[in-house]
Structure formats: structure tokens, C-alpha cells
């Protein structure tokens, strides 16, 4: 019996659409296209991509709303209130406003880089969603190296930020871009080392396998050092307070996106939150058991239709809520302090976490957390 | 990246107003700074020469938009000295009340802006929220939240409304509580200490040489507070301590301002108690007749010009929330002051920028300037 996956749904949808098209048009080639697997597959992939795009964008916009409301509560105010129920539509209004705005480009700016930077930043952030598995029926995460691929695409960002910063021809943008590049490169290393710890325990680079390995226990317990390193590095990668110095508004106006307005700025904004969403999703996938639930949760709560997606999104939003909490309560660190923390603290810690993971795999069973499955699942 | 000049301002989030800090940077290090003021010059001193003594008060509110009451007080003291008018005792206490509430409002505003420069988002709104309570109190007895026009030559405009003391005490209790929260959010945060300790050091002798006053001077361990050293109004009759710190850095200035707020609360409690038990007039009864009328009645201009009133010079100095402010009012017997001159504490504090900014990082400029507490309105006047 084949499992229903998002991709199989898209494929069936493409097939039915083509069949309907041929039937309505009464046109030979259109009817014949249903029989051509290449055409059906191509259309299926397009539908798959469209669903992913819509889902990720919608989630991002809801995420921004969620952050605004949560930040508002932390700050003793209410956040967005007026557009839609509890301000739910405020971000759509904001997006519409940005969409309508004229895009201005500084006189001496490099035209190609100025437009290429934000676009590529946005696209590269969106691409990651094609790789992340959200639930069991999401076989895109089953690629043998899906985790590696996701992280590779995730680490494209500093290049695009730097391109857009440099091509803006603004000193603040340039400084922001340089800071961003330095920061992301410095924090890429502990991030990847923390991931290595997970990979060592799970024995696979496939995100789906990593989640399946967490059926017995979630990895955050035995790999708590790796989790701490990963969260800290992820905060830096997402450029959120306390590590938001590339766009530290106090000294750099808006950092690398100072010169951007209108839709290009919206691209930056959306991509930032897409990356924040990706970061939260990765934490859930790697450390919090993805869509699985521990055994003590009653089965009614874990077996209803789409339960996997529900639990997954709940965990993701809780993790993002933690980031919002951090943002509401911590000041910003300085560039040199940030780099010192990255190189002097997080990298040794991440190496320690790899060592601990290796020890865990050799010991096999831990008294509290249970036994590690054999590598490779 | 080699050395380059960047303009931080006149429209930059760091400036908290309208001035320009030209910074020569080498990578992330500050090599030289050059503060440029004057973007907000409105000619307040010159305009004052064409105004009635009491009309100048409206300008004082606009002189410093976060500490309008302190500037009113400053000018009024100078004008009273020039006109040889003495206010009744209750007015003295009311002025101390205004001053200290203004100090609270101004320091809360400073707190909000300063933590915002460090990237702290929630305390910024906490500071603004609590400042609002102070503004509400101001509104309840002056009718305005920022431009009060409350003080008058020879007293104040009106007495406090009924119930004011209770409302104020509630606010003071609330604030006392909040100061602990502020400290927990700032001093309790390792990142805050790492950012602020040893930052923007301005030692005592250097500060004195540059004419730096106020919390910046006291943070360097110099015990100088005009409220104690040269008491005016009712400050010699209230009990308080001068806030001091000896680290001379951003943390020191933070500590001094927080302690000043606590002392303000202490002073305010005493003043409120005194006001409860000593009703009386709030304006001197022997005022020059023309001080009551803002404009000369039609046909009486000649009379007003010809009147014969003693000439005089008035010099006053007060401890404004930002530092020591001076006013110099020349009364040549006319209905307008002949000359009005102010000394702005922030101007001196800003002028010394190269002593406490050079050698630090670009990212340190906002917190350091935040700890200076810039109010551009009074710098440029």
C-alpha cells in the first residue's frame, strides 16, 4: 500500500486536471497528455511547488503576526489590533502597501546587484521549504542528504546580503553587510558541528530518518549541549536580537537594507522571517522529535487526521515564541563580543557536543533516555 | 576597510534629535569624532527680547522638550532676580515639585532611549509607559503634557487640583517598584554589563575641564549638585542625597540617573507632605502691574513703555535633569527683557564628545551618546 504524500496528491491532482482539460477541450493532444508521464510529473511538481509556496508564505505572515502579538504582550501593549480579527490581517495590509510602493534605487547603486541580492535572498530562503519534511506524508525530507542540502541552501544568505549591501553604495549598508558576512561565517561552523552531533546519533543525513530515530526519545535530552549551541548559532544566523548587529538600527540605521524600500524591502523582511521559520523547524526536526509525540500523550491527541502537521506546527511556533521572548528581553551584543563568543565559546562547546554524541552512540543505552537505535535506523 | 568619515545624523536613530556626529572610523573603531550642532536653532534667546517676561515661558517649554518645567524654572529664577520679585513659599515648593517630577519624566525618557540604543526593546516601552504616568500628573495640574506654561514671574499659575497628592503618591509607589524591574532588566543582564562597563570613560578632571555637568560629572565621582551646593527654591528645606558613582563610564551614568530618580521620589514625598499642610497663595501679591497682562491694552502702550521700574540683572543656575543650566536675564526697565542668555548643559556635554567616544567601537556610539542624554532643543535653543 502506497502512503499518501503531498507529492502523490499533487501528482493525482495534475493527472485529474489534465484529464479534465482534455475532456473539456475535446482536443487530441491535450487528451493525450494525460498518458504522457513526463507532462503529468512536470505539472505535479509545479502544483507541489505552488502548494509549498502558498503554505510557507502564509505561515511566514502568520509568524510575523504571532511575533507582533507576542512582543506586544511582553512590552505591556497589544500589538496589531485593528485590521482583521485581533490584527490578523495587518500584515497583509502592510504587504499590500509595500507592494504598491515605488522601488527607489540610489543614484550610484549597482543596478544588477541591487535587484539580484534581495531576490536571490528571498528565493534561496524559499527553496529550503522544498527540502524540509513537515509530516510523515511529506517525502521531500527523505532525500538521503536532505539535512545537508537544507543547511547548504540556508548558508547562501550572507553572499546575497553582502551583494545587496555592497551594491547599495551606502556606508551603513556596507558595514552592515560586512558584519553580516563575518557573523554568519563565524556561526556557520558551530551550527554545522551541532548538527553533526545529531547526525552521529541518528546515523543519517535524512531529515525524515532523523525524526524517525526520535520515536524512543527526543534528541534534546541527551544532546542538550548541541541544542544550546544550535539555538545560539541559529539566533545569529537569523540575525535576531541579541545578534542582530548587521541591522542594528541604533548605529547602522537599518544595516544592509538601509537603501531598500517597497517590494525589495518586503523581500528582505519575508526572507528574514522565512529563515526564522526554517530555523525553528530545524530545531523541531533535529531536537524536538519533529511530528512525533512522546508515548505518554493519549493516542487520541496524536492520531487524528493531520495530527503530525498539527503537533509539528505547534512545536515550531513554541520554539519561535522562545526566540521572540529572547528578543523582548536581551540587549544587543557588540561585533567583537559576538565573534569572540562564536569562535571561543560555541565552537569548543559544539566539539564537546560531537564528542558527547559519539559517546552516546558507543554506550548505546542511557538510564533516563532509553536506547539508541542502531545507526542507519 | 580603510579609514572613512561617516555622518551619524542629522537624521539618524542614534542622535535622538537633530544634530550630526561626524565619525572617522577605521573598520569598526572610532578614530575621531566631530559633533556638529545647530540644526535646531530657533533663536529662542533673540525672540525672548521681543516678548513680555511671562511670554518667554512658552519658549522655555520648547527649549527643552523633555524637561520643559526645569527650563521654565531656570528662566523664572533669572527673571525674578532681574525684576526683584520674590515668590511665596508655597510656590517655591510647587516649583520643586515640578522640577522633580520633570526630572523623573526626563530620566524615564532617557532610560527608554538609552536601552533602545542597546537593542533592549521591552524596557524602552516600560520607560515610556511610566513616563506617561508622570505626564498624566502634569496634565492634571497644568493642562498640558509637554508644554506646560505653568510657572509665572512671582509664583506659579495655579495651585494643585484636589486629589493630586493621592494620585502622585500612587504613581511614586508604582515607580519605586518599577525601578527594581529596570535594574533587573539592565544591571541583571550579563550582556548589558559587558556592553556598558568601562565604556565611554570620562574622568573627573577631564570632565571639569570640558565643563561637563550633571549626571555625567557625578558618575565620575565629583560631588557637585547645585540643589545641594547652591540651593534654590525649596531645595534647602528638603532632605535628599546626591547620587554618585565612581566608575565614570556608561554603567556609572546609568547608576547615577537611577539613584537620582529614587532621590526624586524621596524629595517628592516630602514636598507633597509639606504642600498638604501649608495652604497659601501661589503668586506673590506685590507684582509689577504690567506682569499680569500679556499684552498692553489698546492705547496704553505708551504708558507701559514709560513706566518706571527698577533695572536689574538676574543670574540663576539650576540643576536641570541633564546638568547645570544657567540663565542670565537683563532688565533695562522695559517691558521686555533686554537680553536673555542661557547656558545649556547638554551643549557642554556634547562638545566633549571626542574625550569619551574616540577609541571605542562604532557600535558603542549609541549607548555612550545615550548615556549622555542628549536633548537637542536646549543645545541649539
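Output the number of the condition that residue A:170 fails; it satisfies all remaining conditions of (1) touching a helix residue (DSSP H, G or I) at 6+ places or on another chain (Cβ under 8 Å); (2) within 14 Å of chain B (Cβ to nearest Cβ).
Tallying (1) touching a helix residue (DSSP H, G or I) at 6+ places or on another chain (Cβ under 8 Å); (2) within 14 Å of chain B (Cβ to nearest Cβ), residue A:170 fails exactly one: (1).
All but one of (1) in a loop (DSSP other than H, G, I, E, B); (2) closer than 30 Å to residue A:75 by Cα; (3) away from chain A (no Cβ under 14 Å) hold for residue B:200, so report the exception by its number.
Only one criterion in (1) in a loop (DSSP other than H, G, I, E, B); (2) closer than 30 Å to residue A:75 by Cα; (3) away from chain A (no Cβ under 14 Å) is unmet by residue B:200, namely (3).
Answer yes or no: is there a residue in segment B:147-164 that is in a helix (DSSP H, G or I), surrounded by fewer than 19 Cβ atoms within 10 Å (Cβ to Cβ) and either within 14 Å of another protein chain (Cβ to nearest Cβ) or touching a strand residue (DSSP E or B) at 6+ places or on another chain (Cβ under 7 Å) (or both).
No, that holds for no residue.
For (1) under 18 Å from residue B:23 (Cβ atoms); (2) touching a strand residue (DSSP E or B) at 6+ places or on another chain (Cβ under 6 Å); (3) assigned to a loop (DSSP other than H, G, I, E, B); (4) at pLDDT below 85, each residue gets a yes or a no:
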site: B:329; (1), (2), (3), (4): no, yes, no, no
site: B:336; (1), (2), (3), (4): no, no, yes, yes
site: B:347; (1), (2), (3), (4): no, no, no, no
site: B:355; (1), (2), (3), (4): yes, no, no, no
site: B:364; (1), (2), (3), (4): yes, no, no, no
site: B:367; (1), (2), (3), (4): yes, no, no, no
site: B:378; (1), (2), (3), (4): no, no, no, no
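When the residues of segment B:86-117 are narrowed to those that are in contact with a helix residue (DSSP H, G or I) (Cβ under 8 Å, 6 or more places away or on another chain) and outside any helix (DSSP H, G or I), which ends up surrounded by the fewest Cβ atoms within 10 Å (Cβ to Cβ)?
Checked segment B:86-117; the qualifying residue surrounded by the fewest Cβ atoms within 10 Å (Cβ to Cβ) is B:86.
Listed here are the residues, each with its yes/no results for (1) closer than 15 Å to residue B:72 by Cβ; (2) surrounded by fewer than 24 Cβ atoms within 10 Å (Cβ to Cβ); (3) within 14 Å of chain A (Cβ to nearest Cβ); (4) in contact with a helix residue (DSSP H, G or I) (Cβ under 7 Å, 6 or more places away or on another chain).
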residue	(1), (2), (3), (4)
B:327	yes, no, no, yes
B:333	no, yes, no, no
B:348	no, yes, no, no
B:353	no, yes, no, no
B:359	no, yes, yes, no
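Of B:56, B:66, which residue is buried (at least 16 other Cβ atoms within 10 Å of the Cβ), under 30 Å from residue B:363 (Cβ atoms) and in contact (Cβ under 8 Å) with a residue 40 or more places away in the chain?
Exactly one residue qualifies, and that residue is B:66.
So, residue B:212, is that one in a loop (DSSP other than H, G, I, E, B), modelled with pLDDT of 90 or more and farther than 15 Å from residue B:118 by Cα or not?
Answer is yes for this residue.
Please give the number of the condition residue A:171 fails out of (1) touching a strand residue (DSSP E or B) at 6+ places or on another chain (Cβ under 9 Å); (2) buried (at least 20 other Cβ atoms within 10 Å of the Cβ).
In the conditions (1) touching a strand residue (DSSP E or B) at 6+ places or on another chain (Cβ under 9 Å); (2) buried (at least 20 other Cβ atoms within 10 Å of the Cβ), residue A:171 misses (2) alone.
When segment B:32-47 is examined, which residues are found to be in contact with a strand residue (DSSP E or B) (Cβ under 6 Å, 6 or more places away or on another chain) and within 11 Å of residue B:381 (Cα to Cα)?
B:45
Taking the criterion of being closer than 30 Å to residue B:127 by Cβ, in a helix (DSSP H, G or I) and within 14 Å of chain B (Cβ to nearest Cβ), would at least one residue in segment A:310-324 satisfy it?
Yes, segment A:310-324 has at least one match.
Among the residues of segment A:194-201, is there at least one that is in the same structural domain as residue A:331 (by TED's automatic domain parsing), part of a loop (DSSP other than H, G, I, E, B) and on the phi < 0 side of the Ramachandran plot?
no
Regarding segment B:55-70, can at least one residue be identified that is touching a helix residue (DSSP H, G or I) at 6+ places or on another chain (Cβ under 8 Å), within 19 Å of residue B:333 (Cβ to Cβ), in a helix (DSSP H, G or I) and away from chain A (no Cβ under 14 Å)?
yes
The conditions are (1) in a loop (DSSP other than H, G, I, E, B); (2) crowded, with 17+ Cβ neighbours inside 10 Å, and residue B:316 fails exactly one of them. Which is it?
Every condition holds for residue B:316 apart from (1).
Being closer than 20 Å to residue A:329 by Cβ, within 14 Å of another protein chain (Cβ to nearest Cβ) and at pLDDT 90 or above narrows it down to one residue among B:117, B:130; which is it?
Only one candidate passes the filter, namely B:130.
With the checklist (1) more than 17 Å from the chain's Cα centre (by Cα); (2) at pLDDT 90 or above in hand, flag the one item residue B:109 doesn't pass.
If we test residue B:109 against (1) more than 17 Å from the chain's Cα centre (by Cα); (2) at pLDDT 90 or above, just (1) comes out false.
Just the residues that are under 18 Å from residue A:273 (Cα atoms), more than 14 Å from chain B (Cβ to nearest Cβ), more than 19 Å from the chain's Cα centre (by Cα) and not in a loop (DSSP other than H, G, I, E, B), please, taken from segment A:61-86.
A:69 - this is the single residue of segment A:61-86 that is under 18 Å from residue A:273 (Cα atoms), more than 14 Å from chain B (Cβ to nearest Cβ), more than 19 Å from the chain's Cα centre (by Cα) and not in a loop (DSSP other than H, G, I, E, B).
What's the number of the only condition in (1) buried (at least 16 other Cβ atoms within 10 Å of the Cβ); (2) within 30 Å of residue A:195 (Cα to Cα) that residue A:95 fails to meet?
Answer for residue A:95: the failing condition is (2).
Could you count how many residues in segment B:75-96 are more than 14 Å from the chain's Cα centre (by Cα) and within 18 Å of residue B:57 (Cα to Cα)?
Looking only at that region, the number is 15.
The values are calculated or read from the model by the stated rules, or taken from the named source; none is laboratory data. Only a predicted model underlies this, so the values are computations on that prediction, with no experimental measurement involved. Cβ sites come from the backbone with ideal geometry, for glycine too, and all protein chains shown count toward neighbours.
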